[in-house]
Structures are given as structure tokens and as C-alpha cells.
Amino acid sequence: MSNSGRKKPPLVAEKRYSKAPAAKPKPKAKPKPRVTKRKAAPKKRGVIGWILFPFVWTFRLIWRLTWRITAVAAILLAAAVAYTYAQLPPVEELLDGRTRGSVTVLDRENVVFAWRGDNFGGAVRAESVAPALKNAVVATEDKRFYWHLGISPRGIASAMRINMREGRKPWKGNGGSTLTQQTAKLLCLGVKFDPTKWKNETDYESDCRRTTLARKGKEALYALAMEAKYSKNDILSVYLNRAYLGSGARGFEAASQIYFGKHAAKVSVPEAAMLAGLLKAPSTYAPTNNLQRAQDRAATVLKLMREQGYITSSDEAAANAAPATLSKAAQARAGGYFVDWVMDTAPDFLANDTTEDVMIRSTFDTRLQKAAEDALDYIFEEKVREGSEAQAAIVVMSADGAVRAMVGGRQAKVSGAFNRAVQAKRQTGSAFKPFVYAAAMDLGFQYDSIVVDEPFTINVPGSGPYTPKNYTRNFKGEMTLTDALAQSINTVAVKVSEAVGRDNVRDVAERFGIDNELAAGPALALGASESTLLEMTGAYAGILNGGRAVSPYGIRELRLKGDQNALFGQGGGYGDRVITESAAQQLTYMMYRVVNDGTGQRAKLGDREVAGKTGTTSASKDAWFIGFTAQYVVGVWMGYDDNTPLNGVTGGGLPAEIWKETMVRVTDGLPAEPLPMIRPANPPRVTRPEPVQQPQVAQRPRGNGRSNQSQQNLENVTEQIIRDVGSLLRNILGGN
């Protein structure tokens, strides 16, 4: 039987959460037998191996060091470029980086004729200028500009080779800079102008332009950052706006306007080549300094443009056949002395030191300026000995004091030069006499009052006796005041001055604008005091306009560029009345007689009425002629800067001829208007006796006493003075 009687075990399910039976441990895997690599037996080097071993080892060491150092340098360079990149501002802020503003000067017709300061002309973009201009700049300065990343190792190596070949240090001379590096230099590597560190912008720029190895490295770093930050056109735009191109032009827009009178977007191929040629040396190649040299340089630029494919051979030939020329304003280069004077009369913060762009509407007349310059050139070429170092100055003025033209020396086309019309204070000589007679006319003297030309002496307290002498060294007896002025009689001028009072003469001269310390003694009447040509011409304008003082002025209006409202208006003009209109008309007639039949006859202008006065100082150190027609007053001075006496020159000679040549050109085409003067029906003519020779003065005996004859001479002279003064006073009181 299958069941043997034993109880079957109960059927019970295994407990769900009972511990699982322990797994049988896996038998440990037998460790793999360790295979020991047998070292390869060292190769036998042999003789050649042992010889090369040091070199190979050294090469491997250098290589390991080089790539590690290069990697570190690359990381540092990338960090430096990234830092510089982060500091760069938007490109629009870099287009105009001037620390100074500009002054644009317009003539009386509101035509621009001069610039001062850093003239900008307005921001331009590389895309907006004439394509020929952009191409000319790239062809001249950096033919690989569009391909490199800011620096050109090939260019640097070539420049170093040239420098060493010419005996210079590798980094001295040619720099091999790319256009991007040049732009970085123009930006001063991001360092802004600090007036506490640099005295002026010139020092600042000089510091920025230093060429050292360290600075070259910084320049390259800055160029790489610019290439990463800006586009090629952005970089070129900054360069086009910041480059200095001579004559105060900052950027190609300003240069285009100054040299050609047009915008940079409209320049032709030859004009573009001339502008690009300025980059090498702005002052040397400026067409206003030497047009032929500028054209020759432009031909070189045209050749580069043709070689690089920017223009064809026919374009080059056409441009060379018709080279760029200057605009009329640039050709004239007129008014350098005038503009310097105007800049000095304007407030500094709006002129020489301006940080804004200023527009000045002036009184300047380009035609009259050319007339004065041509007249001066003609006289010195035709009537002055060759090699003479004598100088001359001319001022042309309206009756209200508006200065129309100014020549401050024989070299007219200059700026910043010594201006003899404004800065030179010289003795006036007989050109001062009209103010003596002006005082007399205003106090009751008449043009036909009788005076006596004779020897006399005045005892000047503290100085002793003063005896005026005539230029001719003789005396003419009785004459009218008109004849005395016409013949420039010294004795009469002193007598009249003493009769009306030196203080009155001094007051009249000062109120007419002679703003200098005038002589205190009797020599005041003979022009012993100093003045400038501008002051004297302005004082004569007061006589022409009927006796009113004028303040010479050159500014009609001053405003900021772009503003409609003026900051300043007219800077001068009519002032207070100095003498009566009747006195002025009599004096004008007397001065008319100076030219008509007196010492100023060389200044005659045919049928056109002229009034004026000659002036020659002691020892002929200064010679003057100042006169006027109904329309203009012109003053002329001639002399040497070092006070060397003029050889045979008086105010009635060369200065009068310069005056005439100037006025012939000034009045060309103008009607011959009459002078504002009295017109006597029968001008009095005094019959003059034979000249009286000056008596010899007895010599003073040695010792402290005087001889009886000397004492008698002194008493006679004293009595004569008393009689003359009494006669003059009677004339004043009686109105004769």
C-alpha cells in the first residue's frame, strides 16, 4: 500500500514575509593570471643617436614650454580683448571726439571765407561719402583693410625691414599700422582728454601719438577689440571723421568744404585723391600751402587706386589731365589778419577757447581785401628796392567803424602772425594834427583863421625850453589854418594846441578813439604819442561821419551753429558826438586841401574828392597816410619792425601811393560822391612872403651866467608868444 498509516503533513502555504532562504554563495572566480609586460629593450642609439639626443631633448622641451606659454598668452589676450571690447562705446559716440569747437566766419555777404579751431563739418558715414573718397583712403592707407582682423603681421614685418634698412630702430619710422590701428590711435586708445593732466589738446594728441613698443602693443590690442565690436564700415567711418587734414579741418567733411566748397558726398575722383593724399602729411600736402605739391601727391594716390582696381587707366588719365583745384574762398585765403583780430575781440569761450561750433557774421568784404593786398604787392614790387625788409599795414573802414579789410603785413595769406595794423603801437607824427585842429574848430577857430609861422620857444617846466621846427627848416609867415594843415607846419600846430589847451586836444583825441597814454608836453601836437593804425583809422572815420566817435568792429552777429537766435550782436559802431558837425565839415575841407594842394598830393584820385593827412615821425621811423572818400576811410602805415629809419620815405610818399592804389581798387565801380565838407565860394589864399630863415641862436657862454644877447633873445621870443596867444584868443572871442 502506498499509505503506510503515517499521517500526511498538513498542506500549509509558505509564509509571505518569511525570510528567504539564504542564497548559496557563488564560488569565487579564479583570478586571472597576471600578465607581466616585459619592457622593451632600449634601442641602441648608436653614434648618430647620441649626437642628436641633446637637440631632440631640447626641441621637445621648447615645444612643451611653447605651446603651454602660447595657450596662457592666448587666454590672457582673449581676456584683454574681451575687457576692451566691453569698454568700447557705441560707434556714434566716436565720430566727433574734438575737445575744441570750431569758428566759421562769414563775410558781409554771408559767404564763408575762413575757419578757426577744429572745424568738423558734421558727421559722415563710410556709406554716405563719395565712393571714390572711401576707395582712395583704403588704397592709400591699408589695401588689406577688408581682409585682416585689425593687425597685419606682413605689414609690420615689412615696416621693420624698411626701418632697419634705413638705419633706424625696427619700430621707429614706418609703423606698418593698419587702418584699424590708426583709428585706435586717433581715439587715443580710449583715453579721454583731461585738462588737469595735459595743458592743451596739442599736448594730449602728442602723448597719444607716441611710438613705443609698449604703446604699439596696446594699439594692436585695441584694434583687435574694435574689429570684434564694430563692422569695417563703422571703423572706416570713425577714421573719416577724426583724421586731421590741415587748415583746421577735422575729418573729410570739413576738409571737403574748406578746400573745395562742397560736401564729402560730392567730391570727384581727383578731389578724393587729393584729400586722401593729405593723410601722409597734412601741412606739407595742404593745397592751400602748395597746390602743385598737393596735385603731385594726388597723382600718386590715383596710381594706387588704379593698381588696386578701384579705377581704370582711363579714369586715372582723366583725373591727371584735370587735377583738383581749390574753391575761390580757399584760393583767396583772405582775411587772416582780420579773422585773428575778430577772434580776439570775441569772448574767449566763444572764440579761441570755444568747445562749441560757432558762426560769426562779420563786416569783412572779400573784394576790398583783395584790393588792399594787390595794392601793397604792386607798390613793393614796383617802387621799393628789392630785398627791403620794410613793412606796411592797411585798414579799410566804413564811416561807422565797420572794418572791411585789414592787412597786417606784407605776407598777407597767414594766420596767427604779428598784426601791424592792430598790435604795433607807433608814433603818429603829423597824422595826429587833425585832432589839434578838431579841438580848435570845436572851440571857435575857423578854417581861414590867420596864424603866423615863425620861430618861437616854450619853456616846459622840468624839461626846459622847447622850440618846434618845421620839416623844411624855414618859416612862411602869415597863413590860414587851412594852409598850415595842408603844408603840415609844425610851429602853427603847436601854437594852436597851446592856445586851445593840451587837455582839450587830448580829450578830443581820446574821445575819437586814440586809447593810449598821450604825451603831456607841447610835442603832443606833433604826434609824439603812440597809437595803432586801427585806432587812427577809426578816429578819422569820426571826422568823415560828421564828428561822432566810432568803435571799430568786425562782428555783426555771433551765434552757435544750428541756433536761430544770436548770442551777440554788433560789436561796435557809432558812439557819442565829439565835435560839432560844422567843425567836422571845416576840418574835412582842410584835409581835402592837404590832398588837393598840400603834402598829400600823391593820393589824388582824379575827379573823386579825397581828404587825408600825411604823417612822418622823427628820424623817419614811421610814415603814415590816412584819408577818406565819401564812402570809405583807408589808413596806411609803413616802417621797420625794429624802428630802423626809412630811407627817404615820408607819409606823402610811398604810404600815400599805397593809399591811392588801394582806393583806386576799392572805389572801382562806385559813384564819385562829394565829401561832407564846407565849400567856400572863394577859398582864401594868403600871399606868403619869402620864407624867413630861422635866426641863429647865440651860443650860451660857459659858466652859470647868460650873455646879454641870449637874454634879449629869450625876452623877444616870450613877447612874441604873448602876442600870438593874444591874437588867437581874440580870434576865438571875435569869431574870426
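The values are calculated or read from the model by the stated rules, or taken from the named source; none is laboratory data. The structure presented is a predicted model; accordingly, all values stated were derived computationally and were not measured. Note: areas computed on protein heavy atoms with side chains; ligands, DNA, RNA excluded. Shrake-Rupley method; radii C 1.70, N 1.55, O 1.52, S 1.80 Å.
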**OP:** Principal axes first, then extents: for the Cα atoms of region 264-397, list largest minus smallest coordinate on each axis, whole Å, largest first.
**Re:** 55, 45, 24
**OP:** For region 349-414, calculate the relative contact order in percent as a whole number, restricting contacts to Cα pairs under 8 Å that are 6 or more residues apart.
**Re:** 33
Original post:
If you average the sequence gap of Cα pairs under 8 Å that are 6 or more apart and divide by the length of region 384-464, what percent do you get for the contact order?
Top reply: 17
**OP:** Return the carbon/sulfur percentage of the accessible area of region 288-374, one whole number, probe 1.4 Å, all protein chains in place.
**Re:** 48
Subject >> Geometric extent, Cα atoms of region 564-635 - Rg, Dmax (angstrom) >> reply: 16.4, 54
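Let me know the shape class of region 198-275, please: from the alpha-carbon gyration tensor, a ≥ b ≥ c as square roots of the eigenvalues, rounded when a/c is under 1.5, otherwise prolate if a/b is greater than b/c, or oblate. Could the numbers behind the result be given before it?
Details: a/c = 2.76, a/b = 1.47, b/c = 1.88.
In terms of gyration-tensor shape, oblate.
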**OP:** Go through Tyr285, Tyr378 and list them by solvent-accessible area, largest first, probe radius 1.4 Å.
**Re:** Tyr378, Tyr285
**OP:** With just the Cα atoms of region 180-329, tell me how far they stretch along each of the three principal axes, in Å, largest first.
**Re:** 49, 33, 26
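State in Å² the accessible area per residue of region 352-401; use a 1.4 Å probe, count heavy atoms of protein chains only, and round to the nearest integer.
Values: 2110 Å² over 50 residues.
Normalised by residue count, the accessible surface of region 352-401 is 42 Å².
So what is the relative contact order for region 290-421, in percent, with contacts set as C-alpha pairs under 8 Å and at least six apart?
Details: 124 pairs, mean separation 32.9, N = 132.
Computed over region 290-421, the figure is 25 percent.
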Subject >> Estimated Rh, region 380-485: Kirkwood, alpha-carbon pairs, angstrom >> reply: 18.2
Subject >> Kirkwood hydrodynamic radius of region 423-495, Cα pairs, Å >> reply: 13.4
